[in-house]
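Worksheet: one structure, shown below.
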Amino acid sequence: MSRSALDRFEQKQAQMQAQHSMGYGAPMGIMPMGPGAAYGAVAPLGAAFQQQPQLTGQELEDLEEKRRNEIPLWGNDTTFNMNPLLANRIIESDYFQSLQSMTTYHEVVDEIYHKCKNVEPWSPGTQRLPSTAFCLLTKLLTLRLTTKMMQGMLSHRDSPYIRAIGFLYIRVATEPKNIWNWFEEYIADEEEFAPTADPELKMTIGKWCTKILTDMSYYNTMLPRIPVPVERKIKAYLILFEDEQRRAGDNMAFVSELVSGLEVRAIYGDEDNDPAWYPAVVNEVVPLEEGRSSWPSVVVTFPEYGNQECLPLGKIEIPESITSGGGGGGG
């Protein structure tokens, strides 16, 4: 199939998607574009073109909102930046083909909950059969997740494998310069899981996230290369993270002193600004989340800019008047 023909095919499918009842994406799969060609994310033949009931005005609005809030995919949109052999084995697999009936994010997340026991790319003991996890990852990539959907996956409480597949989605198929913004909050996450088929080999979500950020080699496949400037920035952030962990440990002895209105210094950074220290005022301390973090968080306001942020304890510098024993909030 030529590129222009594929464009027309996808345009026709986009029109058909507007007839789908929930707007979370049409029943999409992957099919070859021609002999020896790479594979593209397009709708399967047959069922996708059956007549569907017309959507109501509200349903159409929901569909348009979903499209506006989709996380942009980056790089190779035919293999989603996976190893070509792995990508081809996924689309050829009976299990992936069986997922065509799933048309919503919620169905796929439920399937992850019931079926995923590891996040290796290949089925245990073989490099011929793709894993359940990577088939479901690819299915989610064809559906295109929104920011809200991804936030739901990364903080999901029912299964660490739902969370891990969300992180793989970000790592594999989104723009590298945005990866850290998604991962940063979870580098200290202490929920344990077994990423491989060996249930005894466990690690925390945080350490596993660090692994897939810093190591391209991933259980007998290769993750996409992160551009050198972005890679350097991520490594610098990880060094800062180690400093923040040490500072958080020191700050724990003075958490009771972090009362509303206390003037502190806090680290702030975003995609446009490197992390730096700024004057801040404490609003409240948020208790640690059991099983997810070793430290509480602190909500602060940055008076210079007026923005309010919930920061890890390690991003707070408590005044020396308190840490040296000169302060006292114990009444």
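Things worth noting here:
- Glu320 vs. criteria touching a residue at least 12 places away in the same chain (Cβ under 8 Å) and open to solvent by 50 Å² or more (accessible area, probe 1.4 Å): no
- Filtering the stretch 220-235 to residues that are surrounded by fewer than 14 Cβ atoms within 10 Å (Cβ to Cβ) and either among the polar types (S, T, N, Q) or in a loop (DSSP other than H, G, I, E, B) (or both) leaves Asn220, Arg225, Pro227.
- The stretch 278-314, residues that are outside any strand (DSSP E or B), in contact with an Asp or Glu (Cβ under 6 Å, 6 or more places away or on another chain) and at pLDDT 90 or above: Gly314
- Any chance Leu137 is part of a helix (DSSP H, G or I), aliphatic (A, V, I, L, M) and under 23 Å from Lys66 (Cα atoms): yes
- Across the stretch 174-194, the qualifying residues are those that are under 10 Å from the mean Cα position of the chain (by Cα) and in contact (Cβ under 8 Å) with a residue 60 or more places away in the chain, and the one among them that is surrounded by the fewest Cβ atoms within 10 Å (Cβ to Cβ) is Asn181.
- Counting the residues of the stretch 195-219 that are assigned to a helix (DSSP H, G or I) and surrounded by 16 or more Cβ atoms within 10 Å (Cβ to Cβ) gives 7.
- Test set (1) touching a Pro at 6+ places or on another chain (Cβ under 8 Å); (2) among the β-branched types (Val, Ile, Thr); (3) not in a loop (DSSP other than H, G, I, E, B) - Ile239 fails condition number: (1)
- Note on the stretch 102-134: residues that are in a helix (DSSP H, G or I), open to solvent by less than 50 Å² (accessible area, probe 1.4 Å) and of a type in the set (Asp, Glu) amount to 1.
- Qualifying residue in the stretch 96-104 (condition: modelled with pLDDT under 95, in contact with a strand residue (DSSP E or B) (Cβ under 6 Å, 6 or more places away or on another chain) and not small (Gly, Ala, Ser)): yes
- Number of the condition not met by Asp250 [criteria: (1) surrounded by 12 or more Cβ atoms within 10 Å (Cβ to Cβ); (2) in a strand (DSSP E or B)]: (2)
- Taken over the stretch 140-163, the criterion of being out of contact with any Asp or Glu (no Cβ under 6 Å at 6 or more places or on another chain), assigned to a loop (DSSP other than H, G, I, E, B) and either open to solvent by 30 Å² or more (accessible area, probe 1.4 Å) or among the aliphatic types (A, V, I, L, M) (or both) is satisfied by Leu145, Ser155, His156, Arg157, Asp158.
- Unique match (being free of Cβ contacts under 8 Å to residues at least 40 places away in the same chain and surrounded by 15 or more Cβ atoms within 10 Å (Cβ to Cβ)) among Val300, Val264: Val300
The values are calculated or read from the model by the stated rules, or taken from the named source; none is laboratory data. Just so it is clear, the structure is predicted and the values come from calculations on it, not from any experiment. Positions of Cβ are generated from backbone atoms using ideal geometry, with glycine treated the same way; all protein chains shown enter the neighbour counts. With ligands, DNA and RNA removed, areas are computed over all heavy atoms of the protein, side chains included. Shrake-Rupley method; radii C 1.70, N 1.55, O 1.52, S 1.80 Å.
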